[in-house]
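Undergrad: Before I ask anything, let me first share the structure, which is written out below as structure tokens.
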Amino acid sequence: MAKKRNRYREMERFMTYFLAGDGVVFLLFLLASGLGVTWLKVITALLCIGVSALGIGYLYLSGELLRPRSRWMTVGFAAVLVCLLFSLILRYPSPDPAAGKNPGTSQTGNQQTDGQQSQSTDGDQQQNQSTGGQQEVPQNSGDASGGTTGAQQSDASGSSDASDSSDASGDSGGQQ
């Protein structure tokens, strides 16, 4: 009977090291996932899943899986495995996909929703980008391309004099 206790203590010490290592690998996975280091995220996820599955498998094969004295080991490996799987499914934590973009703009904020394009005075077409829901209205010269004159733009924006639409920035009614 004395040998059984020593064998259990050896297994307990061995599983404690494995569980602590599994926890450290899981924390490394969370760090790699948060920073966006894909190759490290994949390696740590595979390692963490493998160690947790082997730990639970060893507890099952040794008959210690459902014993009350070994429940902390079973719960520890299962908790790390469940947390990792939920993190992979929910993609948490993961870096913001728009983090590399300019601050203050989102990925969809720079795209036009209805496909309208404005024409410049020399006939080139440029995409009208809006930030914060306000759109810039470029001043057209009123040439044969169908553009509007400065007075027509000021009437459309609700302003009564044509000098508002002829400022240096080219936007009507003082909008920026």
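Undergrad: For L59, all conditions in the list (1) within 27 Å of Y92 (Cα to Cα); (2) surrounded by 12 or more Cβ atoms within 10 Å (Cβ to Cβ) hold save one; what is the number of the exception?
TA: Exception for L59: condition (1).
Undergrad: Under 8 Å between Cβ atoms, which residue pairs at least 6 apart in sequence (or on different chains) link something in region 62-81 that is assigned to a helix (DSSP H, G or I) and surrounded by fewer than 18 Cβ atoms within 10 Å (Cβ to Cβ) with a partner that is of a type in the set (S, T, N, Q) and at pLDDT 95 or above?
TA: That search, which allows pairs on different chains as well, returns A78/S52.
Undergrad: Right, something else. I'd like the residue in region 1-22 that is of a type in the set (A, V, I, L, M) and at pLDDT below 95 and, out of all such residues, is surrounded by the most Cβ atoms within 10 Å (Cβ to Cβ).
TA: In this case the residue turns out to be M11.
The values are calculated or read from the model by the stated rules, or taken from the named source; none is laboratory data. Please read all numbers here as calculations on a predicted model, not as lab measurements. A quick note on method: Cβ atoms are made from the backbone with ideal geometry, for glycine too, and the neighbour counts reach across all protein chains shown.
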